[in-house]
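Student: Questions regarding the structure given below will be posed in turn.
The values are calculated or read from the model by the stated rules, or taken from the named source; none is laboratory data. These numbers come from a predicted model, not from an experiment. Methodologically, a virtual Cβ is constructed for each residue, glycine included, from the backbone with ideal geometry; neighbour enumeration extends over all protein chains shown.
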Amino acid sequence: MTHRYRLVMFLLLFLIPLGLYTYYELALASDRYHSDSTIFVSSENSVASPIDLSFIGLPSSSGSQDSQTLIAFMNSQEMLQLLDKKLNLREHYSNGQIDWWSRLPKDASQEDFHTYMASYMMVEQDETTGLINIHAQAFSREFANSIVKTLLDEGQGFVDRLNSGITKEKTEFFEKELAQSEARLRKEKAALLDFQREHSLLTTESEAAVIQSTIASLTSALVAKKGQLEAEGQKLNENSPVIRNLRADIKILEEQIRTEKDGLAGGGSGVPVSELSAEFAEIQGRLEFVQAVFKSNLTQLEGARIEAAKRLKYLVVVVRPSLADASLYPDRTYNIITAVIVLLVLFFVSTLMVAIVREHS
């Protein structure tokens, strides 16, 4: 009786389950193909940390944080939605030709879909090397390869968006300041040109130099005429034509000198050169100040761009996405051997428990 009882348990707990599982593995289980790739997130100023302090709770290096950020994005539901939109993941994994145990239910929720894909798509970091390994399994080798390629493309897009954010954060303020200073610079240059055009001068210094040169020439001519008058006055009387002409020339020269001096000092009806010089100096001072601000903002913008360039991230593909030659999953031999061991353990434990119960009953 005992022998027959053990035989029944052997059939129920070992042979029948093993036969069913073996039939499933050999006849029903769909072949799965594997594709993988290895990438690395690098930056201009990335320097390997000499000591890993993460084990004592201190923050890890920025490079590790960048990698963890990228991994979190690749394993997220957002990435799954992008892949589904581009590759129709649901359609592939819920195909009716796939065995029931491995198939994704057609009415699976987004959360269930994400949980299901965690068994078929994995992105993880090697703690020793810092490399990011991408793994994907699919029911055709081309589809598995497409998943990994799309993950790389979306990962590159994610890194590009990070770079764009870094550049915008670093340069947006200085670009705004530079634009404002450039507008002020154009305004002050226009004011200077209007001033020069209105008063028909290049600079007030050159205008004053011309007037002073004219006054000096007229003064020299006046001195010469007065000397000639004195010399002729000793020989001729006051009513002689020569004397009258010399006196008229002297009067004209004196009026011209007075007019030029009035123009220089502002005694006439026009704007004095001294006043023009003060106004010109004020406009020129504002222009020089705005030019200095513009140069400073330009220097700061270039510095911000250089700093942003040092923080840019680069997605380096170490190993290109592989294309499987044969299916690696399911590993039927390993799975059947594992089932034999588990079922044997289950059988022996069950018979032992039954024997103990029967002995104490």
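Student: State which residue pairs qualify: first residue more than 20 Å from G157 (Cα to Cα) and outside the structural domain of A138 (by TED's automatic domain parsing) and inside the range 76-95, second residue assigned to a helix (DSSP H, G or I) and of a type in the set (A, V, I, L, M) in any location, beta carbons under 7 Å apart, and separation of 6 or more residues or different chains.
Tutor: none
Student: Here are the criteria: (1) at pLDDT below 80; (2) in a helix (DSSP H, G or I). Tell me which single one L201 does not satisfy.
Tutor: (2)
Student: A follow-up question, please. Could you identify the single residue in T38, T22 that is surrounded by 12 or more Cβ atoms within 10 Å (Cβ to Cβ) and either assigned to a strand (DSSP E or B) or modelled with pLDDT under 55 (or both)?
Tutor: That would be T38, the only listed residue that is surrounded by 12 or more Cβ atoms within 10 Å (Cβ to Cβ) and either assigned to a strand (DSSP E or B) or modelled with pLDDT under 55 (or both).
Student: A further question on this structure: Residue check: is S30 assigned to a strand (DSSP E or B), of a type outside the set (A, V, I, L, M) and within 60 Å of the chain's Cα centre (by Cα)?
Tutor: Against the criterion (assigned to a strand (DSSP E or B), of a type outside the set (A, V, I, L, M) and within 60 Å of the chain's Cα centre (by Cα)), S30 does not qualify.
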